[in-house]
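Structure, as structure tokens:
Since every read-out is calculated from the coordinates, none of them should be taken as a lab result. Everything quoted here is computed from the prediction, not taken from an experiment. Reconstructed Cβ throughout: ideal geometry from the backbone, glycine too, with neighbour counts over all protein chains shown.
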Amino acid sequence: MVILLTNDDGIQAPALRELRAALADLGRVVTVVPDRDQSATSHSLTLNRPFRIERPEPDTYALDGTPTDCVVVAMHGLIEERPGLVVSGINHGPNMGEDVFYSGTVAAAIEGALQGLPSLAVSLVASRTREVDFAGPARFTRRLVEAVLAHGLPPKSLLNVNLPVAAGEGYRGVRVTKLGKRVYRDTLIEKTDPRGRPYYWIGGDEPVWEDEEETDFAAVSHGCASVTPLMLDLTDYRAMARVGAWRLEP
Ligand code: MN
């Protein structure tokens, strides 16, 4: 079986090597990733320009596109055999709470689920400025992949996994969680370029989440691995009757 490995951190991400090694004997691991960092590109698809695909080594492809592009090209002819599973990650940085809407890592797993494949997105809750060891997170991801292959996932469902930086022996447990609530403190920074024109940068401090029980954030802040099942049906069924009562007919 082909395991499609992708990410949004790009071909240079150190996590790729660890993950490829950890998954190697579960199937044929084919890596299709962006050729550079595409973090926070969400579910964007490249439709308004052509793109190139490099193959630096067998079963490894790098394309100048988004994580979603990677899954789409893998499913539509780049790989002769249809993948049986999508693993996206391991992202260097958290993807918890509402951040799943911005995440390229999660988007690639969503694309896998849209294509009908069991899919998981895995992120390591560690600052981007810090060098981290992905060997433990890769081993945990392998266990998850084995569980997903054994039990399957419901259709249009995927797993969003966030792992704390483990101290010593590993995680203090595994919690099945709900998405937490992000406290947004982003700021718009205005500076002036050398030619006297303003430029802008979306910045802010390290992300913060509300401390609420049963959430992804609560799990990782207690040293536990967080596994959040996500579903693709975003319909707000509670709101259907309310909106229906608005008498929108002319
Ligand atoms: Mn990323």
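Residues Met240, Met96 in ascending order of nearby Cβ atoms (within 10 Å, fewest first): Met240, Met96. Summary value for the chain: 18 percent relative contact order, contacts being C-alpha pairs under 8 angstrom separated by 6+ residues. Report the Cα centroid-to-centroid distance between segment 110-124 and segment 67-95 in angstrom, as an integer. Taking the Cα centre of each part, segment 110-124 and segment 67-95 sit 8 Å apart.
Per-peptide packing, taken as the mean over residues of other Cβ atoms within 10 Å, places 154-167, 3-16 in the sequence 3-16, 154-167 from highest down. The distance from the alpha carbon centre of segment 151-178 to that of segment 187-235 is 19 Å, rounded to a whole number. Charge dipole of segment 174-249 (Cα centre as origin; +1 on each Lys and Arg Cβ, -1 on each Asp and Glu Cβ, all else neutral): 320 debye, rounded to the nearest 20. Distant-in-sequence amide contacts of Gly10, defined by a placed amide H-H separation under 5 Å and a gap of 5 or more residues or a different chain, comprise Gln38. Karplus-based coupling profile of segment 32-39, in residue order and whole Hz: 10, 9, x, 7, 8, 5, 10, 4, with θ = phi - 60° in 6.51 cos²θ - 1.76 cosθ + 1.60 and x standing for Gly or Pro. All C-alpha to C-alpha distances of the chain, sorted into 10 Å bins beginning at zero, yield P(r) values of 7, 30, 34, 19, 8, 2, 0 percent in whole numbers.
Working from the Cα coordinates of segment 65-111, the gyration tensor eigenvalues give, after taking √(5λ), semi-axes of 23, 10, 8 Å in decreasing order. Residues Tyr184, Tyr200, ranked from the fewest to the most other C-beta atoms within 10 Å, line up as Tyr200, Tyr184. With a/c under 1.5 counting as rounded, go ahead and sort segment 26-152 into rounded, prolate or oblate using the C-alpha gyration tensor (a ≥ b ≥ c being the square roots of the eigenvalues; past the cut-off, prolate if a/b is larger than b/c, else oblate). Verdict is rounded for segment 26-152. Estimated purely from DSSP H runs of n ≥ 4, each contributing -39500 (n - 2.57), the mean residue ellipticity at 222 nm for the chain is -7000 deg cm²/dmol once divided by its residues. Under the rule that an exposed site lies in a DSSP loop and has at most 16 other Cβ atoms within 10 Å, name the longest stretch of the chain with no GluC sites (Glu not before Pro) of that kind, not counting the sites themselves. That would be 1-79.
Full extension of the chain between Arg55 and Glu131 gives 24.7 nm of extra length, using 0.36 nm per residue less the Cα-Cα distance. Over segment 99-205, the hull volume per residue, using the convex hull of the C-alpha atoms, is 156 Å³. Panel order for Thr46, Thr41, by other beta carbons found within 10 Å of each beta carbon, from fewest to most: Thr46, Thr41. The stretch between Asp193 and His151, if pulled fully straight at 0.36 nm per residue, gains 9.6 nm over its current Cα-Cα span.
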